[in-house]
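First up is the structure itself, then whatever we jot down about it.
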Amino acid sequence: MKSIKNLTRFTYETAAFQGWRLSLSRAGTVFTKYFSDKKFGSERHSFAAAEAALAALKELLEGSKRVNGKYPTTVIRKAEKLLEQA
């Protein structure tokens, strides 16, 4: 599988981690979450989980209003909680 925007594949023979990294930057805030192949069972399952989390995160951020160009702390906390549950 190939990396797509905001999802990057990590596959290194010498590293302990193999999986996907979700990284989304909006309004000066960076949201990052790693999806391990080991935790989700396979590359396809970890990719599906990362894709679902990315869609949910984008939906949350697009529906939120900014204050002075930044997201309020409540929106940031909701986004972080969403990523924790993924």
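Bear in mind these aren't lab numbers, they're just calculated from the coordinates by the rules spelled out. In this text, all values refer to a predicted model and were calculated from it rather than measured experimentally. Reconstructed Cβ throughout: ideal geometry from the backbone, glycine too, with neighbour counts over all protein chains shown.
In the list L22, L60, which residue meets the criterion of being at negative phi, surrounded by 13 or more Cβ atoms within 10 Å (Cβ to Cβ) and in contact with a strand residue (DSSP E or B) (Cβ under 9 Å, 6 or more places away or on another chain)?
Only one candidate passes the filter, namely L22.
List, please: which pairs have Cβ atoms under 6 Å, are six or more places apart or on different chains, and start with a residue in segment 75-86 that is farther than 17 Å from E62 by Cβ and end with one that is of a type outside the set (F, W, Y)? Hits for this filter: A86/A53.
One residue stands out among those in segment 63-86 that are closer than 27 Å to Y12 by Cα and hydrophobic (A, V, I, L, M, F, W, C): the one that is surrounded by the most Cβ atoms within 10 Å (Cβ to Cβ), which is L83. Residues in segment 26-44 that are surrounded by fewer than 17 Cβ atoms within 10 Å (Cβ to Cβ), closer than 16 Å to L83 by Cα and over 10 Å from the mean Cα position of the chain (by Cα): T29, S36, K39.
Residues checked against (1) closer than 20 Å to K5 by Cβ; (2) polar (S, T, N, Q); (3) touching a Cys at 6+ places or on another chain (Cβ under 8 Å):
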| site | (1), (2), (3) |
| --- | --- |
| Y34 | yes, no, no |
| H45 | no, no, no |
| A48 | yes, no, no |
| L54 | yes, no, no |
| K58 | yes, no, no |
| S64 | no, yes, no |
| N68 | no, yes, no |
| L83 | yes, no, no |
| A86 | yes, no, no |
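Set side by side, the residues T14, T8 differ, and just one is within 15 Å of the chain's Cα centre (by Cα), surrounded by fewer than 16 Cβ atoms within 10 Å (Cβ to Cβ), hydroxyl-bearing (S, T, Y) and not in a helix (DSSP H, G or I), which is T8.
Of the residues in segment 46-56, none is over 19 Å from E84 (Cβ atoms), among the aliphatic types (A, V, I, L, M), out of contact with any Asp or Glu (no Cβ under 8 Å at 6 or more places or on another chain) and surrounded by 13 or more Cβ atoms within 10 Å (Cβ to Cβ).
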